[in-house]
Amino acid sequence: MRGSHTAQEKEQKTSREFIPPRWLVTIVWLIGFFAVWEIIAAAVQASGGSNTVFPHLYDMIYWCFSTDTVQTATQSYSLCGATIWSYLWDTLSVAILGFLIGFALGIVFALLMSLFLPVQKVGYPLLLVSQMIPMLGLAPIFLSIFPELFTSKMFMAAYMSFFPIAANTFAGFKAVDRERKELLKISAANTYQVYTKLMFPAALPSLFVGLKLAAPSAFCAVIFTELLRTQGGLGYGIFASQYASRWDLCWGYIFMAILAGVLIFYLVELVRHFVIRWKSTD
Amino acid sequence: MERIAIRDRLNMAVATQYYADHEEGRISIENLNMVYETDKGDKVTALTDVNLEIESGSFVSLLGPSGCGKTTLLRIIADLITPTSGSVSVGGMSPTQARMARKLGMVFQSAVLYDWRSVLKNVEMPLEIMHLPKGERRDRAEHMLEMVGLKDFAHRYPYELSGGMQQRVSIARALAVNPGILLMDEPFSALDEFTREKLHDDLLGIWKENKMTIVFVTHNISESVYLSDKVVVMSPHPGRVSAVLDISLNRPRCAQMRETEEYYDYIAEIRSDFEGV
């Protein structure tokens with residue numbers, strides 16, 4: 001017995017692989033990314049292309065904090081390092097507002113579908129169809145419906161976050177265990193109690209799946225709408241810098257968008273971490 | 001005049017006590033039929049002509065193979081489903097009235113705890129629904145946890161507990177509202193033999209202390225003999241009561257009884273009931 005045990009342990013030991021800590025993975029990943037980027041940038045610039053098409057990363061970082069303004073031939077877009085931060089805020093504030101509206105509407109819609117079968121029968125296919133409308137076609141329509149650019153952007157963000165939140169919250173409601181509901185029935189709970197004490201808490205993990213999909217797509221929707229009309233925001237920055245053939249600035253805006261999108265995703269993840277402190281026993 | 005009033009009041013008290021002893025936990029089932037309709041439109045008879053008297057404060061097992069309708073019968077008593085025909089009286093009321101009056105407690109095969117609540121908060125759940133004040137709720141839940149021997153685990157979460165402990169919490173939760181009737185649907189069948197036998201004795205202790213009626217669904221013959229005053233033997237196709245057996249083993253029951261001849265005789269008798277079908 002004892003012999004076989006140690007043999008097993010030995011086998012386990014040899015087959016155990018090195019699992020690096022997370023911070024190390026992140027650092028290696030970042031260094032790798034910088035190295036590959038810089039090699040490509042050096043190669044592109046050495047081959048005689050425009051020195052802004054694939055700028056060095058340090059140029060971009062320098063530019064983000066500089067105050068040089070950029071003039072184009074036809075228009076005086078005021079593009080400079082200082083604007084990137086205010087543009088980021090333009091985009092982010094609208095995206096957050098739209099996201100919150102989509103969040104509220106999504107929850108309400110999921111609740112109505114769960115409470116009333118006719119709403120579910122009519123609403124769910126509608127929800128799916130609404131998701132098939134391409135953003136490319138919808139943004140101009142929103143822009144012509146709402147006179148204010150701000151409102152169009154906000155509703156685009158709301159629209160994009162509505163579906164994942166509604167669909168996932170509803171899926172969460174549907175997945176609630178039958179016996180858990182029956183227990184509340186035996187306790188003579190009313191509908192309000194069933195939802196506050198069981199349905200919503202039970203649907204939370206699923207709701208957060210929806211939120212993690214919705215948050216970045218709300219942000220993307222705002223950037224996309226900004227590309228179509230010129231008036232502040234990261235999308236405008238991307239558009240204007242491309243128009244001015246300042247690819248280095250364009251990359252700066254794109255990176256800022258990526259960074260903000262990733263941060264938003266992790267922000268939702270962080271909230272989830274603090275809200276959901278339990279594990280399922282099913 | 002005053003003496004009469006006192007005597008009336010005494011009579012009332014006696015009557016109330018009598019009611020509590022003999023009626024509150026009494027379950028009467030007459031000519032009960034349950035027919036399901038499947039999606040295809042076929043009719044399936046789950047229960048046919050069931051007549052059953054369960055006395056207040058007794059421990060009754062519904063025993064049978066799967067498909068015999070034992071769980072269906074339990075769910076009818078719990079007002080989770082409505083029978084096709086027949087009458088059901090639970091504590092002198094209809095099942096719906098009994099449920100709304102919070103006379104029922106339920107324990108399922110899996111503990112089905114609310115994963116996002118601590119053990120204590122799980123036991124408090126039915127009391128919250130009754131709008132019991134917070135302090136009282138806490139005291140009652142703590143008392144219940146003490147009764148099932150989980151006082152030290154009050155602030156743990158369900159996932160931190162073993163299966164047997166989770167089922168104890170589930171029993172504490174069912175008993176928190178002090179129901180006259182405890183309904184149990186194969187509560188120990190997912191547990192290992194050792195945990196199950198321990199829980200048998202614990203459940204009998206709790207039952208003795210709280211004096212409620214227990215209706216216990218199981219497919220385990222020895223389990224039903226060890227626990228019950230009365231074993232209702234059910235058989236399938238169509239689901240029906242095929243025999244009712246009184247178990248007159250002494251109380252309190254203890255593990256040694258599992259070795260006695262009397263105990264084996266009961267098991268053999270029930271086995272022969274099944275063979276006769």
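Among B:Thr48, B:Thr38, B:Thr213, which comes first, second and so on when ranked by fewest other beta-carbon atoms within 10 Å? Before the final figure, lay out the partial values.
Details: B:Thr48 18, B:Thr38 8, B:Thr213 24.
Ordered from fewest to most neighbouring Cβ atoms within 10 Å, B:Thr48, B:Thr38, B:Thr213 come out as B:Thr38, B:Thr48, B:Thr213.
In plain terms, the residue of B:Asp229, B:Asp8 with the fewest other Cβ atoms within 10 Å comes first and the most crowded comes last, giving B:Asp8, B:Asp229.
Over the C-alpha trace of the protein assembly as shown, radius of gyration and Dmax come out as 33.7, 118 angstrom. For chain B, a crude dipole built from +1 on the beta carbon of Lys and Arg and -1 on the beta carbon of Asp and Glu, taken about the Cα centre, is about 980 debye to the nearest 20. Straight-line cross-link reach from A:Lys185 at under 15 Å between alpha-carbon atoms covers these aspartates and glutamates, not counting any fewer than eight positions away in the same chain: A:Asp177, B:Asp79, B:Glu128.
Measuring nothing but alpha carbons in region B:218-277 and taking Rh as the Kirkwood radius, the Rg to Rh ratio lands at 0.98. Here chain A is treated with +1 on each Lys and Arg Cβ and -1 on each Asp and Glu Cβ, and its dipole about the Cα centre works out to around 1180 debye. When every Cα-Cα distance of region B:16-110 is counted in 5 angstrom steps from zero, the calculated P(r) takes the values 3, 12, 22, 25, 19, 11, 5, 2, 1, 0, 0 percent.
Taking the Cβ of A:Gly233 as the centre, find all other residues whose Cβ is under 13 Å away and add up their charges (Lys, Arg: +1; Asp, Glu: -1). Numbers along the way, then the final one.
Numbers: positive: A:Lys153, A:Arg229; negative: A:Asp90, A:Glu226.
Counting the neighbours of A:Gly233, the net charge comes to 0.
A full extension of the chain between A:Val119 and A:Val44 corresponds to an added length of 21.3 nm, given 0.36 nm per residue minus the alpha carbon distance.
Longest segment of chain A with no GluC sites (Glu not before Pro) in a DSSP loop having at most 12 other Cβ atoms within 10 Å? Longest run free of exposed loop sites: A:149-282. Only helices enter the 222 nm calculation for chain B: every DSSP H run of n ≥ 4 contributes -39,500 (n - 2.57), and dividing by all residues gives -13000 deg cm²/dmol, rounded to 500.
Among the complete DSSP H segments of chain A, which ones combine at least 24 Å of alpha-carbon extent along their axis with a mean Kyte-Doolittle hydropathy of 0.0 or more?
A:22-46, A:81-115, A:149-174, A:200-228, A:247-275
Count, for each residue of A:170-183, the Cβ atoms from other chains sitting within 10 Å of its Cβ, then give me the mean as a whole number. All intermediate terms of the calculation are to be shown ahead of the outcome.
Numbers: counts 0, 0, 0, 0, 0, 0, 0, 3, 3, 8, 6, 2, 7, 12.
Average per residue, whole number: 3.
With the charge dipole of region B:148-228 set up from +1 on Lys and Arg Cβ and -1 on Asp and Glu Cβ about the Cα centre, the Cα lying farthest toward the positive end among the listed residues B:Asn220, B:Phe194, B:Asn178 is that of B:Asn178.
Report the extension gain between B:Glu269 and B:Lys211 in nm, rounded to one decimal, defined as 0.36 nm multiplied by the number of residues separating them, less their alpha carbon distance.
Separation in residues times 0.36 nm, less the Cα-Cα distance, equals 18.1 nm.
The packing ranking, built from the mean of other Cβ atoms within 10 Å per residue, places the peptides A:231-237, B:150-156, A:200-206, A:89-95 in the order A:231-237, A:89-95, A:200-206, B:150-156, highest first. What aspartates and glutamates could a cross-link reach from B:Lys208, if we take a straight Cα to Cα line under 13 Å and drop same-chain neighbours fewer than 8 places away? Correct list for B:Lys208: B:Asp229. Cβ crowding within 10 Å ranks B:Val215, B:Val50, B:Val44 as B:Val44, B:Val50, B:Val215, fewest other Cβ atoms first. Once the Kirkwood radius over Cα pairs is known for region A:139-245, the Stokes-Einstein relation at 4 °C and 1.567 mPa s delivers a diffusion coefficient of 80 µm²/s.
Placing unit charges on each Cβ (+1 for Lys and Arg, -1 for Asp and Glu) gives the protein assembly as shown a dipole about its Cα centre, and among B:Ser235, A:Ile101, B:Gln256 the Cα reaching farthest toward its positive end belongs to A:Ile101. Beta bridges per DSSP, both residues in the protein assembly as shown: antiparallel share near 55 percent.
When N counts the residues of region B:30-276, how does its alpha-carbon radius of gyration compare numerically with 2.2 N^0.38 Å, as a ratio? Let's see the in-between values first.
Details: Rg = 18.3 Å, N = 247, 2.2 N^0.38 = 17.9 Å.
Rounded to two decimals, the normalised Rg is 1.03.
Each Lys or Arg adds one and each Asp or Glu subtracts one; over the other residues with Cβ under 11 Å from the Cβ of B:Val217, this totals -1. When all alpha carbon pairs of chain A are counted in 10 Å bins from zero, the resulting P(r) reads 6, 20, 23, 20, 15, 10, 4, 1, 0 %. Shielding value for B:105-112 is 4, the average number of Cβ atoms from other chains within 10 Å of each residue's Cβ. Past the 26 Å Cα-Cα mark, which pairs from B:Lys134/B:Lys198; A:Lys121/A:Lys153; B:Lys40/B:Lys70? B:Lys134/B:Lys198; A:Lys121/A:Lys153, as the Cα separations exceed 26 Å there.
Computed from the coordinates by the stated procedures, all read-outs in this text should not be read as laboratory data. This is a predicted model, so every value here is computed, not measured. Counting neighbours? That spans all protein chains shown, and the Cβs are built from the backbone with ideal geometry, glycine included.
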